[in-house]
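Quick notes on the structure that follows.
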Amino acid sequence: MARMSERPERWSQATVHPDMWTDPDDDPRENEGPGPEGESATLLDFLTGYRMTLRMKCEGLDAEQLARRSVPPSTMSLLGLVRHLAEVERDWRNWITDGDPLPKLYGEKGADFDGAAAEQAVVDAAFRDLEREQAATDAALAGHPDLGARVGKDGTSVRELMVHRIEEYARHCGHADLLRECIDGRVGQ
């Protein structure tokens, strides 16, 4: 098995806790005071934190770095993850509708990763797509405040969808940790 010959030196921007991404005072995910009240607010808080984490893992990188498949033999890249999550947000919205599903953003299965080209226009479009799809899914779910409600053709519960969204972002933030470390050596959760 071939080994990567060029390993970037591991580093963290954090000075307080060297295993963190950034210092607590600089971390937008850190909240002062008590946590959110209620199940729905707690789920949204976790989702928001993972969304921020993904964006933070992408900050400071150029188009080539974002598109780099830095953990071979995986075809994942940070840009591919952004595109994938935009596609998944749209899919989740399709789960809760009774109408015809919206078309895929990037085409056939795998196109979200395969089309993650090292071009600034592709990067900009991916982040716009992600922001738009997140907002649209959030708005659609806001119309279903009862987490136990069953929605869509398959009768998926709103709670199941919310938990699945958190799980998907959390899993991909783990991938983003490895991808980023292999790109420029930056570590931290």
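The values are calculated or read from the model by the stated rules, or taken from the named source; none is laboratory data. These numbers were taken from a predicted model, which means no experiment stands behind them. Cβ placement follows ideal geometry from the backbone for every residue including glycine, while neighbour counts extend to all protein chains displayed. Areas reflect the complete protein model, heavy atoms only, side chains present, ligands, DNA and RNA absent. Shrake-Rupley method; radii C 1.70, N 1.55, O 1.52, S 1.80 Å.
Data table
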quantity	calculated
Dipole moment magnitude, nearest 20 debye, the chain about Cα centre, only Lys, Arg, Asp, Glu C-beta charged	600 debye
Residue-normalised accessible area of the range 73-189, given per residue in Å² at a 1.4 Å probe	47 Å²
Of all accessible heavy-atom area on the range 19-106, the percent that carbon and sulfur account for (1.4 Å)	53 percent
Trypsin sites (Lys or Arg not before Pro) restricted to the range 38-138 and DSSP loop, no more than 10 other C-beta within 10 Å	109
Accessible area (Å², 1.4 Å probe, nearest 10) - residue 61	20 Å²
Given 15 as the ceiling on other Cβ atoms within 10 Å, longest exposed-site-free region of the chain for GluC sites (Glu not before Pro) in DSSP loops	120-189
Rounded to 10°, Cα long-axis angle of helix 158-184 versus longest principal axis of the chain	10 degrees
Alpha-carbon centroids, the range 87-138 and the range 45-59: separation in whole Å	17 Å
Helix axis angle, 39-58 relative to the chain longest principal axis, alpha carbon, degrees	30 degrees
Gain upon complete extension [residue 114, residue 42; 0.36 nm per residue less C-alpha separation]	22.5 nm
Distribution of pairwise C-alpha distances over the chain, 5 Å bins, in %	1, 7, 15, 18, 18, 16, 12, 8, 4, 2, 0
Relative contact order of the range 1-131, pairs being alpha-carbon contacts under 8 Å that are 6 or more residues apart, as %	20 percent
Residue among 22, 73, 58 farthest towards the positive dipole end of the chain, charges placed on Cβ	73
Potential lengthening between residue 131 and residue 62 on full extension [0.36 nm per residue; Cα-Cα distance subtracted]	22.9 nm
Principal-axis tilt of helix 78-95 within the chain, Cα atoms, nearest 10 degrees	10 degrees
Within straight-line cross-link reach of residue 57, lysines at Cα separation under 26 Å, skipping those fewer than 8 residues along the same chain	104, 109
